[in-house]
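Note sheet for the following structure.
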Amino acid sequence: MEDIDFSEVDDDLKKFQEDEIVRDALQRGVDLGNYARQIHAQLAATEAASIKDYLKESADVSGLHEEIKACDSVLERMEHMLTRFQADLGAISSEIKHLQDKSMSMRIKLKNRKAVHKDLDAHIKSIFISPELVRCIHEAEIKESYIGYLADLDVKIQYLKQLQKEGKLDKASRDMAPLCERTKVKAIARIRQFLLQRVYLLKKPQTNIQIKQNLLLRFKYLYQFCRLHAPSTADEIRNIYTDTVRKIYNNHFKQYLLGLMKLQAPIVAKKGDVLGLDETKTGGMFSMRKTSLHLSRVFMLGNRDTILSNIDKPPIIYHSAAKRHTQFRYNEIFRATHRLLMDTATTESAFLSDFFQEADAYRGEDQKERKASAKRGTALFDTIFSKTTSMFLENLENYLMKCFDCLELLILVRIVLLHSQMMRQRQTDCLDSLFDRINMLLWPRFKVVLDAHLASIRTVRVSSVSRGNTSVHYISRRYAEFAAGIDVLNRGYDDAIIVSNMGRMRTAVCKLLTDLSGRIGGEKGSTVFLINNYDAILKVFDDKNLVSEAAKAFRELMHTQVAKYVEMELGDKFQKLIGFVQSSEEKISEAVERKQKLPALDLQTAGDIIRSFANGWKTQVAQIDKQVNSHFGSSSQNPETAYQASEILKQILIQLVLYYQRLQDVIKKCHRRPPGFMKDLVPIPTIMHEIKKFGAK
């Protein structure tokens, strides 16, 4: 018996146990043999039923088979159709790509043709000169519309020049070049004739040049066209214009200047009119009085500085002034003529810059060329006004040769400075060189005249003042007026040269007054002389509101001399009182310094002083009052000293009260018990009351 392999039986049993029906049968304990036979029977029955059902549905299955075959045939035909369609689409796609490439090529060709057409059209328009343009250039009236024709022609000329420069001239361009040149020549000829006619119109009498210039400015492009295309013609037009207006301006200013010089007031200051001039050497009594008045006018500023506050007034109208026979100082004529020159130069400079704008006439020039062009513009202005400015400078030089008035010279200096500032405000520097040259004339002359004044002060003879004459010296009045005038004109400017020279002059005047005071005789007389002179100087300074170093210096000198005079007057009348007070205070001061007992005073002397003061102080004060008035009171020679006398008397009386109070103080310090003579003391309020009486008087 062959061996049976049971190796896989366990695996089959596991599979059967996993089947739900077999597992159920095993769980119920069914006989597997019977159960297997039952299953086979059921399978046979099911198979027979399936065959029976198939036979029953065979007709339907056969019909379904035919339908499936028909569908396969249709699908096959559709497959063939789609394959052909795909092939057709491939062919169409290739054709579309071909059309796209062709369209792109045609678009590029169209773009290129348009570009060529545009360039060619621009080229033709740039070189083509229409018969209408030629006719307008030759025959049209020159007015604003003519500028448009020139601008069109200028574009064509510049285009042809550019082509020639680049070597791109074609036949059409070469054909048009002669016509363009002939048209340009005709345009330049007409422009030259037109502009010169307008320039010649400026020569007509009573012509308002500014109005004519404004008309010319409307046609400034005509000159620019000539400057670009016919420089020699432009130079001719410019030269004729400058020569024409140069003659017009020179003649105009010459007549104006000569006319005003006829109205010039006589020059006040003469060659010998210096601060140190001794008026007593000029002649008799009437001559002296005339000279005194004359010299006071020379050294007094008066209202002459008002011209500086009215610097922007219009120029003098000559015909109106001549009818009224008005006379003018030279500084007024100087201001008027230069103001007219400034106004004329400002408008002319603006016209030259706008009409003959050389820097703009050259296209593409660099900064260096523009600077050179600006210099040419300056030279053009100088060409027009050089003769006029030379005439003004010559007139000034002639005046300076006869001018010995420092105040007048300084006024001229200030006028020039203010005029220069006005021109800067107008943003034009066309007259800067003239202002510089004027200053170069004025300042040296000012220094020469000022040095002459200073030298004259140093040469004044001491003998010019008589002994005992304490009145104000002429040099003080002259110097005060002169220094005040200089300070007013230098206020706000503080020119170092003026400050330095006026300091030297102040030193010279102080030295002279000190030397003169030594001739008066007596220390008190010298002091009175100095007080009177210092006071006269300070009164002038105060009237002018001077706060200069000179005012400060003379005020200090005045205070020193007044204090000295006060002590002198009190020393004459109250010498014992003052001496006793001063010596007693010295002894007390020494004792305090050495920390010793205060010294006992000479009560006998103190009592005599107090009793003497009580008996005679009013009489002595009255004598002092009389003495002060004799020295400083109002008189025909010193009418201004009345106020000064009362002030000095007040200081003397106040100082007297202080001495008298100090006398009482030293007695009280040294003697605790008041001496019997203290009852004779005059009360301070009584003295003050009396002082007020003198003050009121």
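A few points about this structure:
- Against the criterion of being closer than 24 Å to residue 665 by Cα, within 60 Å of the chain's Cα centre (by Cα) and modelled with pLDDT of 85 or more, residue 568 qualifies.
- For region 514-527, the criterion of being closer than 22 Å to residue 630 by Cβ, outside any helix (DSSP H, G or I) and more than 38 Å from the chain's Cα centre (by Cα) is satisfied by at least one residue.
- Leading residue by the ranking (nearest to residue 244 (Cα to Cα)) among those in region 170-210 that are loosely packed, with under 13 Cβ neighbours inside 10 Å and basic (Lys, Arg): 203
- Of the residues examined, residue 475 is one that is touching a residue at least 40 places away in the same chain (Cβ under 8 Å), assigned to a helix (DSSP H, G or I), crowded, with 21+ Cβ neighbours inside 10 Å and not small (Gly, Ala, Ser).
- Selection of region 232-245 for residues being over 14 Å from residue 194 (Cβ atoms), surrounded by 12 or more Cβ atoms within 10 Å (Cβ to Cβ) and either of a type outside the set (D, E, K, R) or in contact with a Cys (Cβ under 7 Å, 6 or more places away or on another chain) (or both) yields 239, 242, 244, 245.
- Flag if residue 505 is touching a residue at least 40 places away in the same chain (Cβ under 8 Å), under 28 Å from residue 301 (Cα atoms) and assigned to a helix (DSSP H, G or I): yes
- Hey, residue 651 at pLDDT 80 or above and under 60 Å from the mean Cα position of the chain (by Cα) or not: yes
Residues checked against (1) under 30 Å from residue 679 (Cβ atoms); (2) basic (Lys, Arg); (3) in contact with a helix residue (DSSP H, G or I) (Cβ under 9 Å, 6 or more places away or on another chain); (4) not assigned by TED's automatic domain parsing to the domain that holds residue 650:
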position: 512; (1), (2), (3), (4): no, no, yes, yes
position: 516; (1), (2), (3), (4): no, no, yes, yes
position: 525; (1), (2), (3), (4): no, no, yes, yes
position: 544; (1), (2), (3), (4): no, yes, yes, yes
position: 594; (1), (2), (3), (4): no, yes, no, no
position: 607; (1), (2), (3), (4): yes, no, yes, no
position: 624; (1), (2), (3), (4): yes, no, yes, no
position: 627; (1), (2), (3), (4): no, no, yes, no
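- The residues of region 583-601 that are surrounded by 13 or more Cβ atoms within 10 Å (Cβ to Cβ) and free of Cβ contacts under 8 Å to residues at least 12 places away in the same chain, listed by number, are 583, 591.
- Flag if residue 249 is in contact (Cβ under 8 Å) with a residue 40 or more places away in the chain, part of a helix (DSSP H, G or I) and not assigned by TED's automatic domain parsing to the domain that holds residue 391: no
- Helices (runs of 4 or more DSSP H) (entirely within region 325-414) containing at least 1 residues that are assigned by TED's automatic domain parsing to the domain that holds residue 252, modelled with pLDDT of 95 or more and in contact with a strand residue (DSSP E or B) (Cβ under 8 Å, 6 or more places away or on another chain): 330-355
- Complete set of residues in region 186-212 that are touching a residue at least 24 places away in the same chain (Cβ under 8 Å) and more than 15 Å from residue 149 (Cβ to Cβ): 192, 195, 196, 199, 200, 202, 203, 209, 210
- Checking each residue in region 100-129 for being touching a helix residue (DSSP H, G or I) at 6+ places or on another chain (Cβ under 9 Å) and modelled with pLDDT of 75 or more picks out only 129.
The values are calculated or read from the model by the stated rules, or taken from the named source; none is laboratory data. Bear in mind that the values here come from a model prediction, so they are computed numbers and not experimental data. Every residue, glycine as well, gets a Cβ built from its backbone with ideal geometry; the counts of neighbours run over all protein chains shown.
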